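The next block holds one structure in the form of structure tokens; read it before the comments.
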Amino acid sequence: MGDLLVPLYRLPSYHANKQQSWTIRRPIPPEKHIVTDWVKKHFSEKWASECEVACSQTPASCLMAIEDGKILGFACFNVTYLNFFGPTGVHPDARGKGIGRALLLTSLQEMKHMGYAYAIIGGAGPVSFYKKAVGAIEIPDSNDGAYHGMLQERET
């Protein structure tokens, strides 16, 4: 999977609608273990590590979608590298409601407010989603670039 480039100066707006039953907000420090445990359980230990770093910053560079005290999805930015978006994920039962798009747009707006003109989505998974949602373009020859040489768990 290659990296994608997103021009932040052309982002579509995101506004919550009145029928939306969930909200997006940053976790506060006492919630860090809850968020990182959720990410580890539903996605991966690697993503939980990145989420832990995001939640350790002040303000947190992690956003979560919640409904009735339950996490539905998360998104991180400025974690593994500055100017990088991700990881991000939505629980399978909550997909198709616009949560992933809302987390993406809200995160990218935060990055734009920080002064970035572009954001990089490293090792992007659903490329067509990012192209449609935010006009992302593929960065040539970026496969495994930023993550090249990353340690992998090995059995002893």
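Just so it is clear, none of the values below were taken in a lab; they were calculated from the coordinates. Since we're looking at a predicted model, the values are computed, not measured. In this analysis, Cβ positions are derived from the backbone assuming ideal geometry, glycine residues included, and neighbour counts consider all displayed protein chains.
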| field | For Lys46, Lys132, order by how many other beta-carbon atoms lie within 10 Å, fewest first | value | Lys132, Lys46
| remark: Here the tail fraction of P(r) beyond 24 Å, over all Cα-Cα pairs of the range 1-122, rounds in percent to 21 percent
| Over the chain: helical MRE at 222 nm, DSSP H runs n ≥ 4 each giving -39500 (n - 2.57), nearest 500 | -9000 deg cm²/dmol
| task | With springs only between Cα atoms under 10 Å apart, run a GNM on the chain and tell me which of Asn83, Asn143, Asn17 wobbles the most. | result | Asn17
| request: Measure out, as a whole number of angstrom, how far apart the alpha-carbon centroids of the range 74-148 and the range 1-71 sit. | output: 11 Å
